[in-house]
Amino acid sequence: MIVQKDFLSKLKDFGLNSYESKLWIALLSRGVSTAGELSDISNVPRSRAYDVLESLEKKGFIVVKVGKPIKYLAVPPGEVVERVKKHVVEEAEEKNQTLSQLKDSEVLEQLNTLHTEGIKLVDPTDKSGAFRGRDKAHEHLVTMIKNAKKSVLIMTSKDGAQRKYDLLSNHIKRAVKAGVDVRVSVPQGTDKETVANFAKIAKVAQHKETVPARFCTVDAKEIFFFLTDDAKIHRSYDSAVWVEAAHFVNYFDGLFDKEWKVNFKQ
């Protein structure tokens, strides 16, 4: 049986490995068959066929028929999708409960202690990191704002303003509620609705479009800044750097404050 590799790769969405995909496709093409027949059709070694078919049965993809020789019956693909969906939801709920329990557990307390003690040993010059891809960059940016205690200063691009609102609005609301001074500077000409939405949750100013910087500082000690022009590069290649160095951050805070005093209107 000849099956294109790209088709087999798509079956990973069902949670199947290569052998499982091949045997399931073979069984679908036959409706009902023995392990030996399926092995021959799919080119899966007979020594592995029974184990793989047992795995497919546990996952709900096939049914084992009673009798000798043992035969296998294919479950309709539509039904399989529903079973996989149900399994994914149940697994996600189980993991969520486990993680929720860990939040207040002794294990997390011990892990935090290890991190706290370990961070004391880190040389100040090592407190930095580079990020390739906008999604990875945004993950760290969210973490910074969630951990903010005093201040958050954000300067973004026109294209990035809406992205930042969608990504950070809930975290900004929590930070402001906790007493953190949050200020956002967006370029002139930014979508009016986006500016208005930011104004509902934080202080907002509009700087000149000739200021191309995209960065965020937190508590005057760490900075996250993008190295690329988001208007000219794909999100996968957007690059950013994070540095924790108060002396360096003070310089950027000074630049931000200078622009802010000129452009902020009460």
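Summary of values
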| quantity | calculated |
| --- | --- |
| Unique residue being in contact with a Ser or Thr (Cβ under 8 Å, 6 or more places away or on another chain), more than 16 Å from Ser151 (Cβ to Cβ) and among the small types (Gly, Ala, Ser) when the list is Ala199, Ala231, Ala213, Ala220 | Ala231 |
| Selection from the range 179-198 of residues that are assigned to a loop (DSSP other than H, G, I, E, B) and either touching a Gly at 6+ places or on another chain (Cβ under 6 Å) or buried (at least 18 other Cβ atoms within 10 Å of the Cβ) (or both) | Val180, Thr190 |
| The lone exception for Phe225 - which of (1) of a type in the set (Phe, Trp, Tyr); (2) in contact with a Ser or Thr (Cβ under 8 Å, 6 or more places away or on another chain); (3) without any contact (Cβ under 8 Å) to a residue 60 or more places away in the chain it fails | (2) |
| First in the range 186-210 and free of Cβ contacts under 8 Å to residues at least 40 places away in the same chain, second anywhere and of a type in the set (Asp, Glu) and outside any strand (DSSP E or B), Cβ under 7 Å, 6 or more apart | Pro187/Glu209; Gln188/Glu209; Gly189/Glu209 |
| Residue among Lys68, Lys95, Lys85 that is assigned to a loop (DSSP other than H, G, I, E, B) and at pLDDT 75 or above | Lys68 |
| Hits in the range 12-62 (condition: outside any helix (DSSP H, G or I), under 20 Å from Lys85 (Cα atoms) and out of contact with any helix residue (DSSP H, G or I) (no Cβ under 7 Å at 6 or more places or on another chain)) | Asn17 |
| Selection count, the range 170-189, where residues are under 21 Å from Lys258 (Cβ atoms) and out of contact with any Phe, Trp or Tyr (no Cβ under 9 Å at 6 or more places or on another chain) | 5 |
| Boolean, Ala196 is farther than 17 Å from Leu141 by Cβ and under 29 Å from the mean Cα position of the chain (by Cα) | yes |
| Unique match (being in the same structural domain as Arg214 (by TED's automatic domain parsing) and touching a His at 6+ places or on another chain (Cβ under 7 Å)) among Leu141, Leu167 | Leu167 |
| Yes/no for Ala148 being under 26 Å from Lys265 (Cβ atoms) and of a type in the set (A, V, I, L, M) | yes |
| Of all residues making up the range 126-157, the number that are in a helix (DSSP H, G or I) and touching a residue at least 60 places away in the same chain (Cβ under 8 Å) | 7 |
| Odd one out for Arg48 among (1) modelled with pLDDT under 90; (2) on the phi < 0 side of the Ramachandran plot | (1) |
| Residue in the range 199-243 that is nearest to Gln188 (Cα to Cα), counting only those that are loosely packed, with under 13 Cβ neighbours inside 10 Å and of a type in the set (Lys, Arg) | Lys208 |
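Okay, residues lined up against (1) more than 19 Å from Asp219 (Cβ to Cβ); (2) modelled with pLDDT of 95 or more; (3) of a type in the set (A, V, I, L, M); (4) within 21 Å of the chain's Cα centre (by Cα):
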{"site": "Arg132", "(1), (2), (3), (4)": "yes, no, no, yes"}
{"site": "Asp135", "(1), (2), (3), (4)": "yes, no, no, yes"}
{"site": "Thr143", "(1), (2), (3), (4)": "no, no, no, yes"}
{"site": "Lys146", "(1), (2), (3), (4)": "no, no, no, yes"}
{"site": "Lys158", "(1), (2), (3), (4)": "yes, no, no, no"}
{"site": "Ala161", "(1), (2), (3), (4)": "yes, no, yes, yes"}
{"site": "Gln188", "(1), (2), (3), (4)": "yes, no, no, no"}
{"site": "Asp191", "(1), (2), (3), (4)": "yes, no, no, no"}
{"site": "Ala205", "(1), (2), (3), (4)": "yes, no, yes, no"}
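The values are calculated or read from the model by the stated rules, or taken from the named source; none is laboratory data. Everything numeric in this text was worked out from a predicted model, so none of it was measured. Cβ: placed from backbone, ideal geometry, glycine included. Neighbour counts: every protein chain shown.
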